[in-house]
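The values are calculated or read from the model by the stated rules, or taken from the named source; none is laboratory data. Note that the coordinates shown come from a computational prediction; the quantities given were computed from them, not determined experimentally. When we count neighbours, we look across all protein chains shown, and the Cβ atoms used for this are built from the backbone with ideal geometry, even at glycine. The accessibility values were calculated without ligands, DNA or RNA, using every heavy atom of the protein model including side chains. Shrake-Rupley method; radii C 1.70, N 1.55, O 1.52, S 1.80 Å.
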Amino acid sequence: MKRLLGLVLNGRARTDAVRADTLLLDYLRETAGLTGTKRGCDGGECGACTVLVDGVPRLSCLTLAARCEGAHIETIEGAAANGRLSRLQRAFHEKLGTQCGFCTPGMIMAAEALLRRNPAPGEQEIRDALAGNLCRCTGYVKIIEAVKAAAAPAEAAP
């Protein structure tokens, strides 16, 4: 049985017919065609599927799409504007925070939520915000440097 799901996805309103048991991850990848959100562990352990739901990081592999009725969903595809990388995406690129890239979308979305709450977080706050996101390629040093670099302009602002 399908039902209509209305939400705002990366700033655009849309309505789609979805089954009641459709995961948000599957809705994003299969229905919306946004494949930047990655399927990692399928059990809420790795954070590769992290998206923002009403500005809060959420594991899309554990979230039913139907529970997002009326919500504002943000994915990695929505982070760039007018073909330009966001400050966080640029920082990940410049500071080599991306290795294989599989965990990067989830890392960036979790870090984006942190920087919205606190534009100048300390290292421990960054580590805490990214604690649910696993990377198999790095020791997290470059990832943390990238988040710090993205926060730096906010620190310099009056």
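Screening Thr15 with (1) free of Cβ contacts under 8 Å to residues at least 12 places away in the same chain; (2) under 26 Å from Leu115 (Cα atoms); (3) assigned to a strand (DSSP E or B) gives one miss only, at (2). For the stretch 67-92, the set of residues classified as assigned to a loop (DSSP other than H, G, I, E, B) and among the β-branched types (Val, Ile, Thr) consists of Thr75 only.
Sort through Ala20, Ala79, Ala32 and tell me the only one that's at pLDDT 95 or above, small (Gly, Ala, Ser) and under 27 Å from Ala152 (Cβ atoms).
The unique qualifying residue is Ala79.
Of the residues in the stretch 93-102, at least one is in contact with a Phe, Trp or Tyr (Cβ under 6 Å, 6 or more places away or on another chain) and part of a loop (DSSP other than H, G, I, E, B). Return the residue satisfying two criteria in turn: it lies in the stretch 55-87 and is open to solvent by less than 80 Å² (accessible area, probe 1.4 Å), over 10 Å from the mean Cα position of the chain (by Cα) and among the hydrophobic types (A, V, I, L, M, F, W, C), and of such residues it is farthest from Leu9 (Cα to Cα). Applying the filter and picking the extreme gives Cys61.
Filtering Thr15, Thr22 for residues that are open to solvent by 70 Å² or more (accessible area, probe 1.4 Å), more than 12 Å from the chain's Cα centre (by Cα) and polar (S, T, N, Q) leaves a single hit, Thr15.
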